[in-house]
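Have a look at the structure below, then the notes.
The values are calculated or read from the model by the stated rules, or taken from the named source; none is laboratory data. This structure is a prediction, so every number in the text was calculated from the model and none was measured. In this analysis, Cβ positions are derived from the backbone assuming ideal geometry, glycine residues included, and neighbour counts consider all displayed protein chains.
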Amino acid sequence: MTDSYLYIIIALLPLAAGMVVTQANPYHALIIRGVLGAIAAMVDAVLGAVDVALTEALMGTMLAITLYAVAVRSSMVMRLGIIQDESTETQDEDSGKVIEALRNVVKKHYLRLEIVPYTNTQALQRALIDKEIHATCVPGDREYHTTIRIQRLYDIIKTELPTPATSLSYVNVSDLQEQHS
């Protein structure tokens, strides 16, 4: 009967693991993973494996969470290539609206939008082919044309982009690579 607290603590392990797996927000999953590591370290310490508890606390929780945080932060970005003339550093009002609308859409999916300026259309297309950027946004006659090379991003943006000032298209980069070869 005196070990009933141990069963409660051990029951928290699968509960915390289930919570990690079901999190949509990767940052929340990181926090819960830290809690999971702390619970595992506590169980190890209570059971007398102090060395394993210390290793879990230091390596499994602190170091792993730090590395995961860096990986999540660096991989959760959408790079958008735009044409920016060197003489005009500022964006016009319409392009600002389109970029802000794109930023709001990707923010809902825990992504950051990084704007990458290019001086001409050829450099912009080359960056898309070389996979330096995920999408391009160029002004057209009456609207902006956004080309996206990742199918999942295209599906998300197509369904959630509120502005009619831009047209969207998906492009398979391997097809573009064959055309430019």
Item to complete: Would you tally the residues in region 32-68 being closer than 19 Å to Pro14 by Cβ and loosely packed, with under 14 Cβ neighbours inside 10 Å?
Response: 1
Discussion item. Just to verify a result, which residue in region 102-116, among those that are surrounded by 15 or more Cβ atoms within 10 Å (Cβ to Cβ) and not aliphatic (A, V, I, L, M), is modelled with the lowest pLDDT?
Written reply: His109
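Can we say Val20 is without any contact (Cβ under 8 Å) to a residue 12 or more places away in the chain and in contact with a helix residue (DSSP H, G or I) (Cβ under 9 Å, 6 or more places away or on another chain)?
In short, no.
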Item to complete: Looking at (1) surrounded by fewer than 19 Cβ atoms within 10 Å (Cβ to Cβ); (2) within 17 Å of Ser75 (Cα to Cα); (3) free of Cβ contacts under 8 Å to residues at least 40 places away in the same chain; (4) not acidic (Asp, Glu), find the lone condition where Lys131 falls short.
Response: (3)
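What number of residues in region 134-149 are closer than 20 Å to Val77 by Cα and in contact with a strand residue (DSSP E or B) (Cβ under 6 Å, 6 or more places away or on another chain)?
Initial filter on region 134-149 (closer than 20 Å to Val77 by Cα): 134-138, 146-149.
Next, only the ones that are in contact with a strand residue (DSSP E or B) (Cβ under 6 Å, 6 or more places away or on another chain) stay: 134-138, 146-148.
Qualifying residue count for the region: 8.
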Discussion item. If the requirement is being small (Gly, Ala, Ser) and outside the structural domain of Ser167 (by TED's automatic domain parsing), which of these qualifies: Ala101, Ala69?
Written reply: Ala69
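Okay, residues lined up against (1) touching a Lys or Arg at 6+ places or on another chain (Cβ under 8 Å); (2) assigned by TED's automatic domain parsing to the domain that holds Tyr27; (3) assigned to a helix (DSSP H, G or I):
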position: Val106; (1), (2), (3): yes, no, yes
position: Tyr110; (1), (2), (3): no, no, no
position: Leu124; (1), (2), (3): no, no, yes
position: Asp141; (1), (2), (3): no, no, no
